[in-house]
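Read through the structure below, which is laid out as C-alpha cells, and then see the notes.
The values are calculated or read from the model by the stated rules, or taken from the named source; none is laboratory data. These figures come from a predicted structure and were not determined experimentally. Please note: Cβ atoms are built from the backbone with ideal geometry, for glycine as well, and neighbour counts cover all protein chains shown. We work out accessible area using only protein heavy atoms, side chains counted, and drop any ligands, DNA or RNA first. Shrake-Rupley method; radii C 1.70, N 1.55, O 1.52, S 1.80 Å.
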Amino acid sequence: MATPATIPKFTVTTVEQEPFIMRELEPKGGARYVGFVKDLLDVVAEKVGFSYSFKIASDNQYGTESPIGWTGMIGELVRKEADIAAGALTVTVPREEAVDFTKPFMTTAVNLLVKKPERIDLGLGYLVRPFSTEFWILLLISIIIVGFIFFLIGRFSPYEWIKVGEDRDQRGARNAFSLRNSYLFVLSSLTWQGFREPPRSISGRLMAAFWWIFVLFTLVAYTANLTAFLLARPEQMPLMPFKSYEDLVESNEISVGALAFGSTQQALRQSRDSTLQNLWNKMSRQNSWVNSYEEGLQRVKKSDGKFVLFSESSTAEYLARKNCDVMLYGDNIFHRSYGLAVQKGSHLAPLLNKAILELRESGELDLLRQRWWRFAGECSDIDGRMYTQKGGSLSSLPIYPVTLRDMAVAVLLLFLGIIAAIVFLVLELLYHTIATKGKIEKPKVLDKKIFRAPKFTKGKSKAAPATTSTDVEAGVSEPLSEEPLEGTSGEAASAEGVEEAKEA
C-alpha cells in the first residue's frame with residue numbers, strides 16, 4: 001500500500017452545480033466542497049490510491065471548442081492545467097476527441113424545467129372542462145347558424161311545404177320548420193332525443209345528415225374526455241399552457257432557455273429534427289440563454305409559466321425536489337452520459353474505469369445517487385409527465401380539454417354541409433319553378449299569403465275553426481298526411497277536377 005508520502009496528488013477542475021459540486025462555508029471560516037461528485041471522487045480516490053484538490057474552472061464553463069481552442073474544464077485538461085475534470089460533464093464526440101473519458105457514472109436526458117401550475121378545485125366546472133373554451137364558443141355559434149339554416153330551408157324550399165285544407169289553414173299550405181321548431185330540431189338532435197317531423201327536402205335532409213355527423217363526433221368526444229377527467233380527478237394534472245415542443249415553437253408568449261455554452265445548446269444547434277431546429281432559432285432570436293442553472297431556476301419561478309428551461313433531467317429532478325413550485329415536463333431528448341475526464345493518453349483512465357465499474361456492480365453508485373436526489377427535498381409530484389394514484393392502481397398522462405384543432409374534421413364536415421344545403425336549396429327553387437311553370441319565376445307556394453297569418457271575415461260561420469299560423473308553425477296540429485306541394489301532379493289533379501265539374 002502506498003504511504004502518504006508516495007500518494008500522488010492530482011488537481012481536479014470543476015464547475016459548481018447542485019447537487020454535483022457545491023461549496024459550503026464552514027463555521028470557523030474557509031469553505032469545503034460537498035456533493036455527489038465529491039463523494040464519488042472520495043471513494044474512487046481511496047480505491048485507486050491518490051489524493052486531490054479542487055480547482056474551479058477559470059471561465060466557469062464545461063467546455064466548448066472555439067477558434068482559439070477549448071474553453072472551460074476541457075480547455076484546462078488540454079492545456080495540462082488540471083489532471084482530472086469532474087462534475088456534470090457530458091460525454092460528447094468533440095470532447096472525446098480532445099480528452100479521454102471514463103466509463104459513465106450516470107446516464108440522463110434533457111427535458112424541461114417548468115413552473116408548476118396551481119391546482120384549482122373546479123367543482124361543477126368539471127362538466128365543461130372536457131372541451132376548451134374556443135370549442136364551446138364554436139358549438140354555440142354552430143347551433144345558432146344551423147338552426148337558422150333549417151328555418152330558411154323550411155321557408156323557401158317548396159318541398160318543405162304541404163297542402164292542407166282551408167279549414168285548417170287559409171293559406172292552403174304549411175311547413176314544419178318554423179323558427180321555433182328549427183331550433184327545437186337542432187337541440188333535440190344534439191341530445192339524441194329525435195324529432196316528430198324530419199326534413200322533407202333534399203337540402204333539409206343534407207343539412208340534417210351533416211349536423212348529425214357533427215353531433216356524433218361531439219358527443220363521443222365529450223363523453224370520452226369527461227370520463228377521463230372524472231377518473232383522473234384525484235391526481236389530475238393541472239392545465240398546462242403547452243403540450244409539446246411543437247406548441248413551444250408556435251407560442252409567442254412562452255420563452256425557452258438553456259445553459260449558455262453547454263452541451264444542450266450545442267445539441268440543439270446540431271439537431272436535425274425540424275422542431276428542435278425551430279426551437280434553436282427561436283431561442284437564438286430571443287437570446288434566452290442563462291449563465292447558470294440557479295439563474296434559470298429563478299427565471300422559471302418568477303415567469304408565471306412564461307419561461308421554461310431546457311435542463312438535464314438529473315439537474316431538473318434535484319431542483320424540483322428542493323423547489324416545490326417547479327417540476328419536470330416534456331419528452332426526454334438528447335440522451336447522454338456523465339463521466340470523469342482526464343488528459344489524452346493519461347494512465348489514470350483505466351484505473352478510474354475499474355473503480356467506477358466496481359462501484360456500479362456493488363450498488364454503491366446507486367446509494368450515492370439516492371442520497372443526493374431521492375432525499376434531497378420533500379417536494380412531491382416533481383414529474384409533471386406522469387402521476388400515480390394513491391395505491392398504485394391507476395397511472396395516467398396529463399389530460400387536456402378537446403380543442404378546436406382536435407375536432408377539425410367534424411367542424412369542416414359541418415360547414416361543408418351548410419354550404420351543400422344552401423346550394424341544394426337554390427337548385428330546388430330553380431327546379432320547382434321550371435318544372436311547374438316552364439320558366440323561372442316565383443313559385444305559387446311562395447306567394448305572400450304563405451307568410452302571413454290567415455285573416456278571418458266578420459260574420460262567417462265558425463263551425464270549422466281554422467288553425468292559425470302560429471299553431472301550424474308550432475306543430476300543434478295533427479301529423480301531416482296531406483299531399484306534398486311539389487311537382488305538377490297536385491296542380492294537374494286539381495285542374496282536372498275543376499274541368500269535370502264544369503262539364504257536368
Order these peptides, 213-219, 295-301, 93-99, by their mean beta-carbon neighbour count within 10 angstrom, highest first. 295-301, 213-219, 93-99
Separation of the stretch 289-338 and the stretch 20-93 by C-alpha centroid, Å? 22 Å
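Calculate what fraction, in whole %, of the accessible area of the stretch 33-148 sits on carbon and sulfur atoms when a 1.4 Å probe is rolled over the protein chains.
Values: 3070 of 5170 Å².
Ligands and nucleic acids excluded, carbon and sulfur give 59 percent.
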Quick one: of Lys9/Lys103; Lys28/Lys322; Lys55/Lys103; Lys9/Lys55, which pairs are farther than 20 Å apart, Cα to Cα? Lys9/Lys103; Lys28/Lys322; Lys55/Lys103
Show me 367-374, 310-317, 338-345 ranked by packing, highest mean number of other Cβ atoms within 10 Å first. 310-317, 338-345, 367-374
